[in-house]
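Since the structure comes first, as structure tokens, the remarks are kept for the end.
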Ligand code: PAF
């Protein structure tokens, strides 16, 4: 497996591969990899001649400096997982390599361009993490331009990210197939996430309440209870769990991400949640 830190080196490697007619699958990540990421590599391997994984903790998508500082950086163990999974190339640039030369006051040049995803980002993650999707949009479009993949693989755990990236690809005309892949869960239901490793033993033991809350909401909705009532019940359920600080629980249309009044209003319904457990912010969703 090749490991590249420079854009120029990755580009010349990929140019040679493409000249040999190879197709390229791309999995963008921020590292701290788990089985969920490996399932994206597996999906890419099944459809492409070559699979590239980027590992870059993108500073401009963090609106909370503590969250950025705490984000696990584990390049060596990530590479030790990717090589046996059959990944062909890892791209692990520095912030300066991605965004340009540092200045006296900043570690890298801050992009001036701003993405605005309208109604897709005025809700949920976008509402609680201002600027987050601008940072995601900028880094993903830069990575697409660098790697120029045929197909790209994203986890559905970040449902709103998938919606935003899908829109960006349409609006900017990227000729890349987007493949959203299912969320992988631990045996107790907790969605796999790089942030799980920051949970204490006690927090980890109760973290599956998040998925339990989503599952309860799903069964209430399927039994015919109206969304507004279910939202109140789930919110109350989390208020009784003092270890959790619920940020949002929303019942939305899975594509537009807008709140629905009745199940019939959505093609597919998504239940989306974000909650703080200790110092860790966890998100999850179910789509049905
Ligand atoms: O989902 C992530 O890990 C990140 O948001 C992504 C897509 C790699 C962009 O930094």
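Laboratory data are not the source of any read-out in this text; all were calculated from the coordinates shown. Because the structure is predicted, anything quoted here is derived from the model rather than measured. Cβ coordinates were reconstructed from backbone atoms using ideal geometry, including for glycine residues, and neighbour counts include every protein chain displayed.
Quote to one decimal, in nm, the extra length available between residue 63 and residue 94 on full extension: 0.36 nm per residue of separation minus the C-alpha distance between them.
Extending this stretch completely gives an extra 9.3 nm.
Taking every alpha carbon pair in segment 170-225, what does the distance histogram look like in 10 angstrom bins from 0, in percent?
That works out to 19, 33, 24, 21, 4, in percent per bin.
For segment 184-200 and segment 221-270, what is the separation of their C-alpha centers, rounded to whole Å?
Their Cα centres are 22 Å away from one another.
Over the chain, what is the relative contact order in whole percent, taking alpha-carbon pairs under 8 Å and six or more residues apart?
Rounded, it is 17 percent for the chain.
Jot down the radius of gyration and Dmax of the chain, Cα atoms only, both in angstrom.
Rg, Dmax (Cα atoms, Å): 19.4, 60.
Arrange the following residues from fewest to most other Cβ atoms within 10 Å of their Cβ: 136, 90, 286, 52.
286, 90, 136, 52
How large is the direction-averaged shadow of the alpha-carbon convex hull of segment 1-84, in nm²?
So the mean shadow area of the Cα hull is 6.1 nm².
Work the Kirkwood hydrodynamic radius out for segment 10-164: mean of 1/r over every pair of different alpha-carbon atoms, inverted, in Å.
16.5 Å
Kindly provide the helix-only [θ] at 222 nm of the chain, computed as the sum of -39,500 (n - 2.57) over DSSP H runs of four or more divided by all residues, to the nearest 500 deg cm²/dmol?
-12000 deg cm²/dmol
Find the Rg to Rh ratio for segment 115-261, where Rh is the Kirkwood radius over alpha-carbon pairs and Rg uses the same atoms.
Numbers: Rg = 17.1 Å, Rh = 17.2 Å.
On the Cα set of segment 115-261, Rg over Rh gives 0.99.
Could you work out how far helix 209-222 tilts from the main Cα principal axis of the chain, as a 0 to 90 degree angle to the nearest 10?
The two axes meet at around 60 degrees.
Segment 67-158: percent of C-alpha pairs farther apart than 16 Å?
So the pairs more than 16 Å apart make up 71 percent of the total in segment 67-158.
Assuming R0 = 35 Å, can you tell me the calculated FRET efficiency for the pair residue 15 and residue 216, based on Cβ-Cβ distance, to the nearest 0.05?
0.10
Which FRET efficiency value, to the nearest 0.05, do you get for residue 76 and residue 259 by plugging their Cβ-Cβ distance into 1/(1 + (r/R0)^6) with R0 = 35 Å?
0.20
Determine the relative contact order of segment 190-270: mean sequence separation of Cα pairs under 8 Å and six or more apart, normalised by residue count, in whole percent. Can you show the working numbers first?
Numbers: 63 pairs, mean separation 16.4, N = 81.
RCO, segment 190-270: 20 percent.
If the chain between residue 35 and residue 175 were fully stretched, how many nm would it gain, using 0.36 nm times the residue separation less the Cα-Cα distance?
Taking 0.36 nm per residue and subtracting the Cα distance, the gain is 47.6 nm.
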